[in-house]
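For reference, the structure is listed below as C-alpha cells.
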Amino acid sequence: MTISLDDMAALARALLDADQEVDNVEQELKDAKERARVLREETIPSAMQELGLEELKLSTGQKLSIKQEVYASIPAANKGQAYDWLNDHGFGGLIKVEVTTQFAKGEQDEAIRVAEQLRAMGLQPSLDQSVHAQTLKAFLKEQLSMGTNIPLDLFGARPVWTAKLSNK
C-alpha cells in the first residue's frame with residue numbers, strides 16, 4: 001500500500017477534527033458538571049430548605065436528600081495563622097509535621113541516628129506542616145455541627161448543603 005501526500009493531508013485533517021471533537025466534548029462535560037454542581041449545591045438545597053425538607057421520596061422510588069458538607073483547603077498565605085489557631089484552640093493534633101534533610105547515598109543509618117539531633121548538628125532541615133484535606137473537612141464539619149465559631153475564611157472553607165439522589 002502506498003500512501004500519498006494527499007493521504008497524509010487527509011490524515012492530518014482527520015486528526016485535527018478528532019482533536020477538535022475531543023475539545024468540544026471536554027467542554028460539554030465541563031459545562032454539564034457545572035450545571036450538576038449548581039443543582040446539587042445551590043438550587044435543590046435552597047428549594048428543599050425553603051420547603052422545610054431534608055428528604056423527599058420521588059415517584060420513581062428514588063430518594064432526594066440534602067446534608068451539609070464542608071469544602072476546605074487552607075490557602076498557602078493562611079497556613080501559619082490557621083496552624084496557630086488550631087494549636088491555640090487545642091486542635092494541634094490535626095497538624096502533621098515533617099522534618100527533612102538530605103544525606104549522601106549510603107548514609108541511611110546516620111540519617112536515622114541524627115533524626116532527633118539535626119539542628120544540634122548544624123544541619124538545615126526543612127520543616128513542613130500540613131493538615132490532610134479529609135481530616136480538615138471532618139474536623140470542620142464536626143465543629144460546625146457543634147456550633148463552634150470557626151474562622152472559615154482562614155481555612156479556605158465554605159459549608160454547603162448538597163443534594164443526593166439515591167435509589168432507596
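Just so it is clear, none of the values below were taken in a lab; they were calculated from the coordinates. Every value quoted in this text rests on a predicted model; they were computed, and no experiment measured them. In this analysis, Cβ positions are derived from the backbone assuming ideal geometry, glycine residues included, and neighbour counts consider all displayed protein chains.
For the reader, a short list of remarks on this structure follows.
- Gap separating the Cα centres of the range 54-79 and the range 113-154, nearest whole Å: 25 Å
- Taking the fewest neighbouring Cβ atoms within 10 Å as the starting point, the ordered list for Ile95, Ile74, Ile3 is Ile3, Ile95, Ile74.
- Cα gyration tensor shape for the range 1-92, rounded if a/c is under 1.5, else prolate or oblate: oblate
- Count Lys and Arg as plus one, Asp and Glu as minus one, and take only other residues whose Cβ is under 12 Å from that of Phe91; the net charge is then -3.
- Three-way shape label, the chain, alpha-carbon gyration tensor, a/c 1.5: oblate
- Near the amide H of Val160, within less than 5 Å, lie the amide hydrogens of Glu69, Val70, Tyr71, all on another chain or at least 5 residues away, with H placed in the peptide plane.
- When the listed pairs Lys33/Lys141; Lys63/Lys96; Lys57/Lys141; Lys30/Lys63; Lys33/Lys137; Lys30/Lys137 are checked against a 31 Å cut-off, the alpha-carbon distance exceeds it for Lys63/Lys96.
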